[in-house]
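See structure below.
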Amino acid sequence: MPRPSRTPNRPSAGRRTPAGGAQFSPRPTDYRTRQPAHEYELEVLPGLEEVAETELSGVKLARDQRGLRFWYPGDPERLTRLRSAVAAYRVKAWDVPRPRGLLGNQQLGELTDFLRGVAQVGGHRSFRLSAAGKESSVMQRLADELQAGLALPHDPQEGELLIRLRPEQNGPGWEVLARLTPRPLSARAWRECNMGGGLNATIAYAAHKLAGQRDEDRIFNPMCGSGTLLIERALMGPYDAMVGVDISADAVACARQNLQAAKKQIEVAQVDALDTGLPARSFDLIIADLPWGDAIGDHRHNNVLYPRFLDEMHRLTSRHGRLCVITHEIRLFETLLREQDRWNARELFQVYSGGHHPKAYLLGKK
Ligand SMILES: C[S@@+](CC[C@H](N)C(=O)[O-])C[C@H]1O[C@@H](n2cnc3c(N)ncnc32)[C@H](O)[C@@H]1O
């Protein structure tokens with residue numbers, strides 16, 4: 001068993017005002033920086049909106065069915081570092097009844113300027129369009145015009161500057177959303193190794209934030225898989241110690257590769273999490289994404305694994321420690337919680353991701 005490692009410690013022609021804008025209204029301009037405010041939309045996994053709101057603290061957000069919208073006058077670089085969002089888009093709308101209207105001289109000029117501004121932030125090297133009817137002749141012409149105007153190649157499959165066109169929700173026009181970063185924010189730079197069943201990194205970030213981030217925590221991540229929970233925590237800030245284990249040699253190798261890419265020195269070992277040989281009460285935070293019984297493990301096996309896991313983690317958790325569990329085996333896990341009297345438990349969130357709807361729970365010893 002390895003030693004836990006320690007940390008060295010829109011608005012076209014000015015026709016729009018900011019949505020809900022107590023923070024930035026009545027004028028979308030920050031006179032300290034004299035930067036024009038832009039409107040943005042955050043794509044967030046359903047269930048993690050509050051975590052994203054907290055991460056964007058100080059910014060007045062409006063939630064609608066499509067995402068979180070806000071006006072932001074500051075340096076957009078901050079938005080490219082968000083860890084709870086899948087993607088951030090700059091948004092601008094035009095008073096045109098259909099996309100063909102964007103091909104008008106004035107609109108095309110405005111659109112090109114708008115997209116150039118985003119490409120300056122993100123350093124995109126190609127672009128692609130995403131819209132209903134994107135194979136239509138209008139969209140082809142738009143792509144040709146943008147290719148010339150932006151001096152970026154149009155790559156319909158892999159284009160880095162993702163440009164989404166859609167009808168306005170609360171207006172007569174069309175809006176254009178341009179993704180700030182060449183890849184989604186959730187596709188972390190450190191993820192060199194992907195594993196079936198790997199956790200979406202925004203879920204890992206949310207679980208850590210809601211389970212509590214404490215500099216003095218000794219953290220254990222049993223069943224670490226590709227290392228998502230370890231790396232996201234290491235990137236959040238100091239902790240006292242952290243270690244991960246997985247029973248699979250491939251998972252351990254994958255986690256190590258990702259840790260190296262993240263430049264984080266955290267020990268991971270090929271060890272059965274139920275038989276670590278570690279002393280009782282070794283950890284203040286145990287955080288685990290248990291096998292969900294589909295890509296990883298199977299339901300029958302989980303009927304045995306989960307109760308044994310809860311027993312062993314009870315032994316390893318310090319007196320005032322926390323156990324955070326992420327699982328899609330909701331019925332099984334909630335039955336186990338009802339049938340025991342050694343843990344206090346509460347649900348932290350339920351998130352919708354990739355056809356799954358896992359929950360995260362926080363348990364404390366009674
Ligand atoms: C849902 S996956 C974890 C995925 C991980 N959160 C990630 O982002 O890659 C569950 C992991 O539990 C591991 N596992 C299953 N039983 C185990 C045990 N008894 N001890 C340690 N690891 C175990 C599997 O090998 C698998 O990597």
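Read-outs: derived from the displayed coordinates by stated rules, not from any lab. Note that the structure is predicted; figures quoted are calculated from it, not measured. Heads up, the Cβs are rebuilt from the backbone with ideal geometry, glycines too, and the neighbour counts pull from every protein chain shown.
Would you mind stating whether Leu129 is surrounded by 18 or more Cβ atoms within 10 Å (Cβ to Cβ) and under 19 Å from His38 (Cβ atoms)?
Working: surrounded by 18 or more Cβ atoms within 10 Å (Cβ to Cβ): yes; under 19 Å from His38 (Cβ atoms): no.
No, not satisfied.
Pairs please, first residue from region 299-316 and closer than 16 Å to Asp341 by Cβ, second anywhere and crowded, with 19+ Cβ neighbours inside 10 Å and of a type in the set (A, V, I, L, M), Cβ atoms under 6 Å, 6+ apart in sequence or on different chains.
Cβ pairs passing all conditions: Met313/Ile286; Met313/Leu323.
Within region 246-256, can one find any residue that is over 23 Å from the mean Cα position of the chain (by Cα), surrounded by fewer than 20 Cβ atoms within 10 Å (Cβ to Cβ) and in a strand (DSSP E or B)?
Looking through region 246-256, none of the residues is over 23 Å from the mean Cα position of the chain (by Cα), surrounded by fewer than 20 Cβ atoms within 10 Å (Cβ to Cβ) and in a strand (DSSP E or B).
Filtering region 289-328 down to residues that are part of a helix (DSSP H, G or I) and within 11 Å of the ligand (Cβ to nearest atom), which residue is surrounded by the most Cβ atoms within 10 Å (Cβ to Cβ)?
Among them, the one singled out is Phe309.
Condition first: surrounded by fewer than 23 Cβ atoms within 10 Å (Cβ to Cβ) and touching a Pro at 6+ places or on another chain (Cβ under 8 Å). Now tell me which residues in region 181-222 satisfy that.
Gly197, Asp215, Arg218
Going by the structure shown, is Gly277 under 22 Å from the mean Cα position of the chain (by Cα), within 15 Å of the ligand (Cβ to nearest atom) and either part of a loop (DSSP other than H, G, I, E, B) or surrounded by 20 or more Cβ atoms within 10 Å (Cβ to Cβ) (or both)?
In short, no.
Could you please find all residues in region 235-256 being within 14 Å of Trp190 (Cβ to Cβ) and within 12 Å of the ligand (Cβ to nearest atom)? So that I can check it myself, show each step before the final result.
Filtering region 235-256 for residues within 14 Å of Trp190 (Cβ to Cβ) gives 235-236, 254-256.
Listed by number, the residues that qualify are Cys254, Ala255.
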